[in-house]
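Following: one structure in structure tokens, then a few remarks.
Derivation of every value follows stated rules applied to the coordinates shown; laboratory data play no part. Since the structure is predicted, the reported quantities are computational estimates derived from the model, not experimental observations. All Cβ positions, even for glycine, are placed from backbone atoms using ideal geometry, and neighbour counts span all protein chains on display.
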Amino acid sequence: MKFVSEYRDPVAAREFAAAIHKITTRPWTLMEVCGGQTHAIVKFGIDELLPQGVTLLHGPGCPVCVTPIELVDKAVQIGSRPDVIFCSFGDMLRVPGTQHDLFQVKATGGDVRIVYSPLDALKLAAQNPQKQVVFFAVGFETTAPANAMAVHQAKRQNVENFSILVSHVLVPPAIGAILSSPENRVQAFLAAGHVCTVVGFEEYFAIAEKYRVPIVVTGFEPLDILQGVYLAIKQLEEGRAEVENQYSRSVRRQGNRPAQELVTQVFRVIPRKWRGVGEIPQSGLGLAPEYATYDAELRFGVAAYTAEEDAECISGLVLRGVKKPQECAAFASRCTPEHPLGATMVSNEGACAAYYQYRRRELKQKPPVVEAH
Amino acid sequence: MPESKPFTVACPTPLGDGGHVQLAHGGGGKLMHQLLEELVIPAFRNPELEARHDGAVLHIGNSRLAFTTDSYVVRPLFFPGGDIGTLAINGTVNDLAMCGARPLYLSCGLILEEGLPLEDFRRVIASMREGALAAGVKLVTGDTKVVDKGKGDGIFINTAGVGMIEHEVTIAPSAVRPGDKVILSGDIGRHGIAIMAVREGLELETAVESDCAPLVEPVQALLDAGVALHCLRDLTRGGLASSLIEIAESAKVSVLVEEALIAVEENVQGACEILGFDPLYLANEGRFVAFVAAADADRAVSILKECAVSAGAAVIGEVSNSPAGLVVLKSRIGTHRVVDMLSGEQLPRIC
């Protein structure tokens, strides 16, 4: 398949792996920021191809995983109302709140629907004027433009029964929070390609310089990730700390300007709580005052609600790269995809779920032989 | 590979929600298996049920019969490549074929929702008639009920079927042996994507058609040729992955399959890339896997290629002793990963 199979070519993958082996002289710890990359790494077994001392830590870039538990509770409260059609991307439905998830809301009679775009939810609102239609606006910079567009269109078309429950977070503040933590182990970042498609990568220059850390904007296919790892290790080995763009077929330095303008118009940068991490200043988006009427938290009076998460869940440590999923005592016993304690076990992109699905049972096999040449 | 602690199974994980059936309980994944293992099978324990095959194999007098039933609830009723009527015939016929039986007779229970256009009903019945003719089965008994508007989804169909097993071969997970080859009868995932495209209004460049088809002919051809068939399984809800896992677990063997040998049509792959789905878990309605003695594998593939419905047949992997119950996929880039059963249906990802 064009634009997919080239990036999964086994011969090229072996060559990249060999090149990585050749330049690596000591152990390095890298973090891939995006959950999509984590999933690809575990699914394709990319870490099997890397030198033993190279560790990939899985970052906080899964929107499902970092949505705070109180927002899931708010979604459950709003979705349970008889006058509401609650719309969400599919994988948010299984995220546990303190008591319930959205699937349970649906099973007990709530009108909870999976949509593929916030504009579909807006369409539903136009078609169901007697109902309140709420969209769960989750995600990083990648999904923000489409969500901004839905609100912008709602205002333009006077669709008053539409609102969004906002849980938008931003990548660069999270990277900053990880790097400034005393327990940080990360020496280089693979930045999330699709986030940079929207916002570009100018923001990263200051981070790379301040923390002396290489940042490589990286795509999602096996060869993208291997090349990203190669570029990051090459910088580390040569003592450089620069911003490089591996994913140049999708990412421009300035990003997508019209998308950014729309986001700036509809949203404001605000502090946000991250599940398992806590509040990070200026790390999220909320609706701008001119659009506050589309804020579901205000419309349904749930803005003041707060909740704390399960004490046993170490998802915060996993999200910050301090621990690996299997180091959790509850992993695969008290915490499974059917009965998750925390969100990292829920989404496909969550590190715990990826380990559960692909790594739960040890494979009795020899590590693949990669020859350096 | 990162260091990992050995994994041991503790008590069975609880059903996702204490009190209510959720859609995932019908998704063909772990939750459904738990529901059956904890609530249904214990209530009716008997050897036929506990064989956990697609249909029960019954010894009546001197004959062996295969007996199965399936209910069809699909939205939309009509989709590219078929409709609920085609599914209701082929699904049950295929379950009988997977027992190595020649399907003979079907029953049909219809639950109609008040307000269903009669024209739709006519189309469904016409499809069932065509399907029955194509599969060589007779629909010999049935029942019809109508429920209030809003209490059904247009039409629900249940069909049950019996077929005759006319050979001495045991076709079941228990017959699978280390060294067996795994043959897949064609490309996977078309039914799942066809349904989803219509249901969710996905606009794909070329429409994906369901693979819905009867599988009697290729199975009979294998049996007639005396191929050493050990196990058959049609791929339905949980896709290729779930079928392989079920067989590996029942047979207590390990199955290794190669990603590069598993055919996926380009537009199905494209839809999967967009939605974040894995074709291994997508539903099929006209595909099956055959576990065959290694010596007979090439011959089996040639025989299957002669039938239109299995023209894309290929060996995709093989069976080994251990680790028992495990399905492993060799990826295109040569690494290995465990193929696990999903908990319910696949959910489209966010970005």
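A compact table of results
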| read-out | value |
| --- | --- |
| GluC sites (Glu not before Pro) restricted to the range A:1-97 and DSSP loop, no more than 13 other C-beta within 10 Å | none |
| Per-residue Cβ neighbour rank within 10 angstrom, fewest leading, B:309, A:33, A:171, A:11 | A:11, B:309, A:171, A:33 |
| Cα-Cα P(r), the range A:1-78, percent of pairs per 5 Å interval | 3, 12, 16, 18, 16, 11, 7, 6, 5, 3, 1, 0 |
| Residue exposure sequence - A:168, B:336 - by fewest surrounding Cβ within 10 Å | B:336, A:168 |
| Label point distance in nm, residue B:21-residue B:295, each placed 7 Å from Cα along Cα→Cβ | 4.8 nm |
| A:198, B:219 arranged by Cβ crowding within 10 Å, fewest neighbours leading | A:198, B:219 |
| Spread of Cα-to-Cα distances over 10 Å intervals beginning at zero, given as percent, for the range A:228-290 | 18, 25, 34, 21, 3 |
| Folded to 0 to 90 degrees: helix A:171-180 orientation relative to chain A principal axis, Cα | 60 degrees |
| Principal axis dimensions, largest first and in whole angstrom, of chain A by Cα | 68, 46, 45 |
| Computed over chain B: relative contact order in percent, which uses C-alpha pairs under 8 Å that are six or more apart | 22 percent |
| Nearest-20 debye value, the protein assembly as shown charge dipole, Cβ charges on Lys, Arg, Asp, Glu | 940 debye |
| Residue of A:176, A:110, A:278 that the Gaussian network model of chain A assigns the largest fluctuation, springs spanning Cα pairs under 10 Å | A:278 |
| Whole-Å distance, taken between Cα centres, linking the range B:62-89 and the range B:232-277 | 21 Å |
| Relative contact order (percent, whole number), the range A:1-311, Cα cutoff 8 Å, 6+ residue spacing | 21 percent |
| Beta bridges by DSSP in the protein assembly as shown, antiparallel share as percent, to the nearest 5 | 55 percent |
| Two-site FRET efficiency, residue A:5 against residue B:302, from Cβ-Cβ distance with R₀ of 30 Å, rounded to 0.05 | 0.60 |
| Reach of residue A:155 by Cα under 23 Å, taken over lysines that are not fewer than 8 positions away in the same chain | A:123, A:131 |
| Segment residue A:298-residue A:117, length gained on full extension (0.36 nm per residue, minus Cα span) | 62.9 nm |
| Per-residue ³J(HN,Hα) for the range A:295-301, Karplus 6.51 cos²θ - 1.76 cosθ + 1.60, θ = phi - 60°, Hz, x for Gly and Pro | 8, 5, 4, 6, 4, 9, x |
| Equivalent ellipsoid dimensions for the range A:1-155 as semi-axes, Å, which come from the Cα gyration tensor, largest first | 41, 18, 13 |
| Shape of the range A:105-239, Cα gyration tensor, a/c cut at 1.5 | prolate |
| Among A:304, A:19, A:174, residue whose mean-square fluctuation peaks in a GNM of chain A (springs only between Cα atoms under 10 Å) | A:304 |
| Among A:244, A:338, A:349, residue whose mean-square fluctuation peaks in a GNM of chain A (springs only between Cα atoms under 10 Å) | A:338 |
| Equivalent ellipsoid semi-axes, the range A:315-359, via Cα gyration tensor eigenvalues times 5, rooted, Å | 14, 11, 10 |
| Helix-only CD estimate at 222 nm, as mean residue ellipticity for chain B, using -39500 (n - 2.57) per DSSP H run (n ≥ 4) | -8500 deg cm²/dmol |
| Set of lysines with alpha-carbon distance to residue B:330 below 19 Å, sequence-local pairs under 8 removed | A:43, A:364, A:366, B:181 |
| Quotient of C-alpha Rg and 2.2 N^0.38 Å, computed over chain B | 0.98 |
| Paramagnetic reach from residue B:177 in the range B:46-71 [backbone N under 16 Å; point 7 Å along Cα→Cβ] | none |
| Most to least packed among B:252-258, A:254-260 [average Cβ atoms within 10 Å] | B:252-258, A:254-260 |
| Prolate/oblate/rounded call for the range B:105-151, Cα gyration tensor, a/c under 1.5 rounded | oblate |
| Kirkwood hydrodynamic radius over Cα pairs of the protein assembly as shown, then Stokes diffusion coefficient at 25 °C and 0.890 mPa s, in µm²/s | 91 µm²/s |
| Gain upon complete extension [residue A:306, residue A:202; 0.36 nm per residue less C-alpha separation] | 33.9 nm |
| Magnitude of the charge dipole, chain A, Cβ model with Lys/Arg +1 and Asp/Glu -1, debye to 20 | 360 debye |
| Distance between the range A:1-43 and the range A:312-326 - C-alpha centres, whole angstrom | 23 Å |
| 13 Å Cα-Cα reach of residue B:151 towards aspartates and glutamates, excluding residues that sit fewer than 8 places from it in its own chain | B:113, B:114 |
